[in-house]
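Working notes, structure below.
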Amino acid sequence: MELIKIGLLEFIKRSPSPYHAADNVCAYLSENGYARLYEHERWDIKKGGKYYTVRGGSSVIAFEIPEDHIYEGIAVCASHTDSPSFKLKSDPELPSVNRLIRLNIEGYGGMAKDSWFDRPLSIAGRIVIDKGEGLEYRLVNVDRDLLMIPSLAVHMGAPRESGKVNIQTELLPVFREEDDNNRFVDLIAREADTEPEKILGCDLYIYNREKGTFFGADNEFFAAPRIDNLESVYASVKAFVNSENSSMLKVFAAFNNEETGSLTRQGAESTFFSDVIERINEVFGITRSEYLACLASSFIMSVDNAHAAHPNYISKADPVNRPALNGGIVIKHNASGRYTTDAISAAAVKKICGYADIPFQEFHNRSDIAGGSTLGNLMNRKISVHSADIGLAQLAMHSAFETAGAKDFDYMERFLTEFYSVRISAGKYGLKIIKNI
């Protein structure tokens, strides 16, 4: 069995915040010949060109234009750079309690709160520095075990035993002793090589320091922080870079803030994606009518991990549709439209799986359990195209330390590589999915 590439675990380790994840994606794109474009500048783009742009320091869109024409359709893989965590509040040091200084935090996304107890933690994100006439942001990662959220002893009736954990009172990380003069702002300033008084803003998050690891009788599983959704980001960008260019406009998109609803200027529901496409159309003189015709032959793969059926809680799964670790691509369905998959887009996914000789499985929630939503339906509010929500099966989603199958990453990378290589076209009787020979 070919195990998951060690590069994924390294990517996760080097991406403790969405800002670091985006920065690592940008570095990978640059290494492979993609030129950075800035939103505040006029874009000089050409046929056959490879480009990327960034918004908010944490969302990336890359695209590759065909050599001999503009494009016949758009092939998009969309994932997200953020994971549930805790964000530090302004002036985060709390008054001492029993000689311990804790940090004031608030929840970011729907994390499994009790999974954060008793783990080595640290802080990463970005800060904004006063540079005189301008503002500059810098990435910060305190790359050592810095914090801990100690749990209450079971003997004392720990609230976590009843499933009730209060973020404001029970999940405050211990930072230092009260007589230690190493203030939080001083520590962050040293990490960023600046002075405390020059720091004007922060987007800093707590992250789990534990390293990813393989486990199982044959190392067939792996566990790590932030598998949801850095596994999808890494598979998508590798497939994007390594796939053959077709007649489609290839697009890679990794958005921040999916875990909090995407309601930001860099989220999937913003104009970021449509703005990029509009600028491409403007450069090449594509009319509105020509653009709408291209959308009919376009496709979005919304790539976000899926729930595996949990063997210890099997009653929580659908009676029949039960994705398993190492079972291949998961096609996600929801009758209320929380996922964009329909009969046509599901069939397209299965067709591409067949071309690449990759297994697939299908996910439905139990009918009495509400499911979440992800990127596809949000993007379709700005650009309406065929779309499917897919992912890889995992356990302990939104935990500080998640579990997935070691074979599945390879399945996803191969699937997305095939997706970027096929030609998709609309016809009177539906979509054509033409394999690149």
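The values are calculated or read from the model by the stated rules, or taken from the named source; none is laboratory data. Since the structure is predicted, the reported quantities are computational estimates derived from the model, not experimental observations. Positions of Cβ are backbone-derived with ideal geometry, glycine not excepted, and every protein chain shown enters the neighbour counts. Keep in mind that these areas ignore ligands, DNA and RNA; they rest on the heavy atoms of the full protein, side chains included. Shrake-Rupley method; radii C 1.70, N 1.55, O 1.52, S 1.80 Å.
Accessible surface for the chain, divided over its residues, is 44 Å² per residue with a 1.4 Å probe. Which links in K89/K382; K87/K131; K113/K332; K350/K428 stretch past 28 Å when you go from one Cα to the other? Correct reply: K89/K382.
Using DSSP loop states and a limit of at most 11 other Cβ atoms within 10 Å to flag chymotrypsin sites (Phe, Trp or Tyr not before Pro), what is the longest stretch of the chain containing no flagged site? With a cap of 11 other Cβ atoms within 10 Å, the longest stretch comes to 39-428.
Taking other residues whose beta carbon is less than 9 angstrom from the beta carbon of P66, and scoring Lys, Arg as +1 and Asp, Glu as -1, yields -2. In percent, rounded to a whole number, the relative contact order of the chain is 21, using alpha-carbon pairs under 8 Å and six or more apart. The relative contact order of segment 306-437, computed from alpha carbon pairs under 8 Å that lie at least 6 residues apart in sequence, is 31 percent. Here the accessible area of segment 229-269 is 43 percent carbon and sulfur, with a 1.4 angstrom probe and all protein chains present. Computed on protein heavy atoms with a 1.4 Å probe, the accessible areas place V320, V128 in the order V320, V128, largest first. Restriction of the trypsin sites (Lys or Arg not before Pro) in segment 183-250 to DSSP coil positions whose beta-carbon has at most 16 other beta-carbons within 10 angstrom yields R183, K211. Under the classification rounded if a/c is under 1.5, otherwise prolate if a/b is larger than b/c and oblate if not, where does the chain fall, given a ≥ b ≥ c as square roots of the Cα gyration tensor eigenvalues? Oblate is the answer for the chain, as a/c is 1.5 or above yet b/c matches or exceeds a/b.
Positive contributions from Lys and Arg (+1) and negative ones from Asp and Glu (-1), summed over other residues with Cβ under 14 Å from the Cβ of K89, come out at -2. Cβ under 12 Å from A426's Cβ, A426 left aside: what net charge do those residues give with Lys, Arg +1 and Asp, Glu -1? Charge balance in the 12 Å sphere: +2.
Loop only by DSSP, 15 or fewer other Cβ within 10 Å of the Cβ. Give me the trypsin sites (Lys or Arg not before Pro) in segment 251-354 that pass, ordered by residue number. Sites meeting the loop and neighbour criteria: R265. Between the alpha-carbon centers of segment 1-71 and segment 72-109, tell me the distance in whole angstrom. Distance between centres, Cα-based: 24 Å.
In a reduced charge model with +1 at each Lys and Arg Cβ and -1 at each Asp and Glu Cβ, the chain shows a dipole moment near 1000 debye about its Cα centre.
The overall shape of segment 58-158 is oblate: from the C-alpha gyration tensor, with semi-axes ordered a ≥ b ≥ c, the ratio a/c is 1.5 or greater and a/b is no larger than b/c.
Between I129 and E136, Y137, R138, L200, the built amide H atoms are under 5 Å apart, and every one of these is 5 or more places off in sequence or on another chain. Sparse packing (at most 16 other Cβ atoms within 10 Å of the Cβ) combined with a DSSP loop state is found for the following trypsin sites (Lys or Arg not before Pro) in segment 40-114: R42, K46, K47, R99.
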